[in-house]
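What follows draws every value from the coordinates through simple rules; no lab data is involved. Small disclaimer: the values here were computed from a predicted structure and weren't measured. Quick reminder, even Gly has a Cβ in these numbers, built from the backbone with ideal geometry, and neighbours come from all protein chains shown.
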Amino acid sequence: MHTMNSTETNSIKAKIPFLSIDQVSKVYPSPTGDYTVLDGVDLTVCEGEFVCLIGHSGCGKSTLLNMVSGFNTPTTGEVKLLDKEIQEPGPDRMMVFQNYCLLPWKTAFENVYLAVKSVYPEKNRIEKVKIVEEHLAMVGLTEAANKKPDQLSGGMKQRVAIARALAIRPQVLILDEPFGALDAITKEELQEELLNIWQDHRLTVMMITHDIDEALFLCDRLVMMTNGPSAKIGEILEIPFSRPRNRAQIIEDPRYYELRNYALDFLFHRHAHSEEPTEDEEIVESKSGFNVKWGLALGMVAAVAIAGFALVQNCSQKSANSPQTTELQLQGQ
Ligand SMILES: Nc1ncnc2c1ncn2[C@@H]1O[C@H](COP(=O)(O)OP(=O)(O)OP(=O)(O)O)[C@@H](O)[C@H]1O
């Protein structure tokens, strides 16, 4: 099995610098002093690569990806896209969240249209409608274009969110547990669709997941994070399966179980999650819980006032304050 150390990771950087995370740390103030969530995180992602991030709940995965999206900034270090430091959100990086973040009073079509309108103000209505229709068709939602979110299933809502993200042609697609709320069959369907879209458009994808099987099916490299506080990248697993991938074939490949067991061992033995939170973690968790309630409430109010791309910005703020409740959900465990 080939895992990558930082020297090898750096050699990729030397080849094709695209997205680079250099010596990033994130420190939040807490009543008992500074709480270091991330410390010394280094990662380089190549153009067109599909990278998954896995790690125990609360280790800082969302914090890290929020720095790539520009909704959060490092305390030290820097995150760069093509040598330009990321300091704010932009349409070159789009996020998709577990909770969809759709405007409930708008149809699927209108939700996507708002994003397209905000990013392509120079295009006329016919051109914008064409973009929306193409992207709804891409995720198989042509028939449901005029339905509002409460008339759509969870999988359909996530398809709208993916169509909205892709419609503005981001360079980097950032997915924060996008399929975490879906049933197993819908999840597999959407994984296949995501892979097809990624293969057709050669996007660069960074995705957080709690599901090792999902990561092994989707990604080129699996980034495994150590526990917080002061979490960092522990190891990176290269996923060797050829593309296009076939789920049944992969599962029959002996390397699949080798990789799966290696990742499980990393998470549950070498970096097992402590049952008892430290005093600092307890304080930060309860503070974060406060932020969740107010973040959600403020997010909904803001959503009324703003639309399109601004909506996605609002949703990320909500996500940055999302509750830290999930345990690793591993299929077959
Ligand atoms: N705005 C904030 N202020 C203070 N602490 C925060 C803030 N946002 C996140 N944290 C803390 O940072 C840590 C990492 O949170 P983060 O959401 O990045 O973890 P995660 O790995 O994505 O977790 P999960 O897998 O449960 O989504 C947690 O301890 C969390 O409470």
What FRET efficiency do you get for Asp265 and Asp42 if R0 is 25 Å and r is their Cβ-Cβ distance, rounded to the nearest 0.05? 0.65
Ratio for the stretch 206-263, C-alpha Rg to 2.2 N^0.38 Å, reads 1.17
From zero up to wherever the largest Cα-Cα distance of the stretch 161-236 sits, split into 5 Å bins and tell me the percent of pairs in each. 3, 13, 25, 25, 17, 10, 6, 1
Return the sequence-ordered ³J(HN,Hα) values of the stretch 164-174 in whole Hz as given by the Karplus equation 6.51 cos²θ - 1.76 cosθ + 1.60 applied to θ = phi - 60°, using x for Gly and Pro. 4, 5, 6, 4, 9, 6, x, 7, 10, 9, 10
Only residues of the stretch 100-128 count here: report those whose backbone N is under 11 Å from the spot 7 Å along Cα→Cβ of Arg169, or say none. 120
What's the tally of Lys pairs in the stretch 120-274 whose alpha-carbon atoms lie under 19 angstrom apart, where the two lysines are 8 or more places apart or on different chains? 5
Diagonalise the Cα gyration tensor of the stretch 22-157 and give the resulting equivalent ellipsoid semi-axes, square root of 5 times each eigenvalue, largest first, whole Å. 34, 18, 14
Computed from the beta carbon distance with a Förster radius of 45 Å, FRET efficiency for Thr32 and Arg202 to the nearest 0.05 stands at 0.45
How would you rank 31-38, 201-208, highest first, on the average number of other Cβ atoms within 10 Å across their residues? 201-208, 31-38
Go ahead and run the numbers for FRET between Asp253 and Glu78, Cβ-Cβ distance against an R0 of 35 Å, rounding to 0.05. 0.35
